């Protein structure tokens, strides 16, 4: 069995030898480079773009301005600011040149005349609606109410009432590879190489926009240098590059410098919650009422992030009465979208802050309070109708408590020595496997090896190795004989990609089902070759065996027999079909759950050091613990960054202040720390391969545990992330 | 000091992974772009402010961020990139260790990280964990959380200690 083993990754050899092919590594003859002039004002009416001087520069082939397309949930001035610019970083003009240095020279020769408009810079200002972030639009772009039980009366009748404002800052996903696209012009069709999480989705949104200009677009996912949710939804540059290729009839490459990536890759989180909680004096929570505000920036696409946060606001707790009012507002900032966790970290930060603050108010132990409220059995339907599928929440919380108590003991001793040390625990439930389904094909190649094509589009998670383990087990073949490939719309017809911790569950199950179908095909073929009835044959470890005659054929022999002879006539009794395709989806999401425990020291400068860290997760069957652990480790450090180091900051005039990786500080190896991961497999998914997904869990569990640790270390109530050094120094 | 004007093209010589290369470059062209144009695309660009280290190469025995040097400044130098780490198809112990310890996910920071580890281990074959963390603090990784990278460098140090002359002779 390969499932459950820490198998080394099949993806790595290329990457450790410099043979990865990221977008900028792919060369095409005669390519034009696209460079983009971006708005340097947060909000203005655009009068005129002056690019005549740029056109005179040797090496400049064309300048594109004023491109507007009707794309769902995007402002009228998309992908370019034509008569209005809405944020610093929005594209205004694009230069096509034969050399990228020349392209940037040309940008210096382009100006645009504008009339400045007052920018909307935060949620409060947006809610007054006096100044509009987008001309002609109400700032309140989205309002939605979710209700379950009797929240108002349950709250009013409660013995203890708590009101709290909680803020989650704006972050930038910071994939190490900036975004990029290479459009290969082929006359009536295009091949687009992209740093994307979903080639199929990209093909569909590009064809929606340009079907009158091009017959078809093949999208190939290049190696992707990290994404974390930020390379899924359409970007202005995608449309500008494709449009530029079609109008110049040339191949076009765009790769963003980091500064531009920070000014244009969709930011994330940026929510404010005004939460009211009603409880009994013994700690039992009766009601939660939450006003959720989300700063959408200059487009109304990210509303679903607030919906996810709202509908999970009761967390892993049995709170029967709940109300969430969602307000999505427009501001003159980079549009908001998903980042690892997408709504679940926001929810968890709120419900876990509530648990800790309530425990402090009631002078209860925070774990005791959680135990009093934790869901007792699964399946469980939360007040908004989400059905948590499986698991033993109490058991996991009890296990977590052991680590928490041990860390508490050690922290106490450090505090006695005068150190500012505290321990925080978080407990969370996650909604996973956003569908609707995924596809996979499994092929027996002529050389007897197995090729698996998945519709998911992994980019660092190691899903290819995980799914190879699943298929190798199912077919009883050696792992070395299974290759998994993905990321090309010509290789598999319909697919969705990698996002929402879905790939191993949805693509993995699709591959499992396709492998089973392939086995059936192969059995029928073998029956005809071995002159047996299918019913007589057995499939055993990559061989087809007839127990009566002891005759057997290997997969390789069947492949040879089917494909080895050229010419002749059709002499098969069964169709010589050496491949099978399957689709897999589920009628519910999966709901993994877990707990993080952090021991935190805060020094007098306000610097946070994590002294010990343990994460516990129940994600159903763990196919490759090494890979799952890698996801958890990476996610924890991202959660740490979001808690202490990272924040996209705008000044009061709407100018971004964090425009480099020097200003926007993702953790280095020095601030990072060692972690321990413990998994259980009690809460299985309702699928043939009962894995639930672990891509995002750690970004959900980490911030509330770390912030609680800081709160305990500094003795002051904490209600926002990030907590920066200046917030934490006693001086 | 040489003064170049914008339209000058300058002929420079580089020895990259033991191969002589002669190219004509604009004086403003960054070393990283010249290396990439020569086909050493394992040298990555991750930022424009010297923060990320994805472009790290070894130049005349020193670890440098090749986005922060003009190609003309590197004239006459010997450079090691990730493409020169494996010899005759055999991986360098640092590459092996990154694979073994799951020290990479998306792989984008990996070439720079491996070269930085090489330079670091050349100077310290018995590092403490804290020394390793400080030694790679100029190289950012967004995927792994660094723990497995640190473990990989510890393992690589062990392997290298067995035969330092062999494993540290590259540059």
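The stretch between residue A:129 and residue A:541 holds 141.6 nm of extra length on full extension. This uses 0.36 nm per residue minus the Cα-Cα distance.
When only Cα pairs below 8 angstrom with a gap of at least 6 residues are kept, chain A shows a relative contact order of 16 percent. Length available on full extension from residue A:681 to residue A:189: 0.36 nm per residue minus the Cα-Cα distance, which gives 172.3 nm. In the protein assembly as shown, the DSSP beta bridges split such that about 75 percent are antiparallel, to the nearest 5. In this label model, residue A:588 and residue A:368 are separated by 3.3 nm, measuring between points 7 Å along each Cα→Cβ vector.
For residue A:48 and residue A:720, a Förster radius of 35 Å and the Cβ-Cβ distance give a FRET efficiency of 0.25, rounded to the nearest 0.05.
With R₀ set to 41 Å, the beta-carbon distance separating residue B:134 from residue A:406 gives a calculated FRET efficiency near 0.90. Put in line by how crowded their Cβ is, counting other Cβ atoms within 10 Å and starting with the fewest, B:56, A:554, A:581 read A:554, A:581, B:56.
Placing a label point 7 Å from the Cα of residue A:570 along the Cα-to-Cβ direction, the residues of the stretch A:514-540 with a backbone N closer than 17 Å are A:525, A:528-529.
Ordered by the count of other Cβ atoms within 10 Å of each Cβ, fewest first, A:633, A:210 give A:210, A:633. For the stretch A:243-269, backbone nitrogen atoms closer than 17 Å to the point 7 Å from residue A:82 Cα along Cα-to-C-beta are found at A:243-244, A:247.
By other beta-carbon atoms within 10 Å, ranking A:407, A:586, A:202 with the fewest at the front produces A:586, A:407, A:202.
In this label model, residue A:609 and residue B:9 are separated by 5.6 nm, measuring between points 7 Å along each Cα→Cβ vector. For the stretch A:124-274, divide the Cα radius of gyration by the Kirkwood radius and give the resulting Rg/Rh value with two decimals. Expressed as Rg/Rh, it is 1.14. Here the convex hull built on the C-alpha positions of the stretch A:622-671 has a volume of 97 cubic angstrom per residue. Set the Cα radius of gyration of the stretch B:93-167 against 2.2 N^0.38 Å, with N its number of residues, and you get 0.97. Label separation (residue A:660 vs residue A:152): 5.4 nm, computed from points 7 Å beyond Cα along the C-beta direction.
Extension gain for residue A:534 to residue A:246 (0.36 nm times residue separation, less C-alpha to C-alpha distance): 98.3 nm. In terms of its alpha-carbon gyration tensor, the stretch A:266-388 comes out prolate; a/c meets the 1.5 threshold, and the first ratio a/b outweighs b/c.
The base-10 log of I(q)/I(0) for the stretch A:437-585, evaluated at q = 0.09, 0.13, 0.15, 0.21 Å⁻¹, reads -0.29, -0.57, -0.74, -1.20 [Debye formula, identical scatterers on Cα atoms, solvent excluded]. Every helix of 4 or more DSSP H residues in the protein assembly as shown counts as -39500 (n - 2.57), and over all residues that averages to -8500 deg cm²/dmol at 222 nm. With a cut-off of 19 Å, note down the residues of the stretch A:664-690 whose backbone N falls inside the zone around a label point 7 Å from the Cα of residue A:6 toward its beta carbon. Flagged as within label range: A:673-681. From largest to smallest, the equivalent ellipsoid semi-axes obtained for the stretch B:10-82 from the alpha-carbon gyration tensor read 17, 13, 11 Å. Which shape class, rounded, prolate or oblate, goes with chain A when its Cα gyration tensor gives a ≥ b ≥ c as root eigenvalues, a/c under 1.5 marks rounded, and past that a/b bigger than b/c marks prolate? Oblate is the answer for chain A, as a/c is 1.5 or above yet b/c matches or exceeds a/b.
Working value for the stretch A:49-160: equivalent-ellipsoid semi-axes of 46, 15, 12 Å, each the square root of 5 times a Cα gyration tensor eigenvalue, largest first.
Take the Cβ atoms of residue B:49 and residue A:291, set R0 to 45 Å, and the FRET efficiency comes out at 0.70. Rg and Dmax over the alpha-carbon atoms of chain B stand at 16.2, 52 Å.
Taking the DSSP beta bridges in the stretch B:10-82 as the whole, what percent of them are antiparallel, to the nearest 5?
80 percent
Computed from the coordinates by the stated procedures, all read-outs in this text should not be read as laboratory data. Here the structure is a predicted model, which is why all the values come from computation and not from measurement. Heads up, the Cβs are rebuilt from the backbone with ideal geometry, glycines too, and the neighbour counts pull from every protein chain shown.
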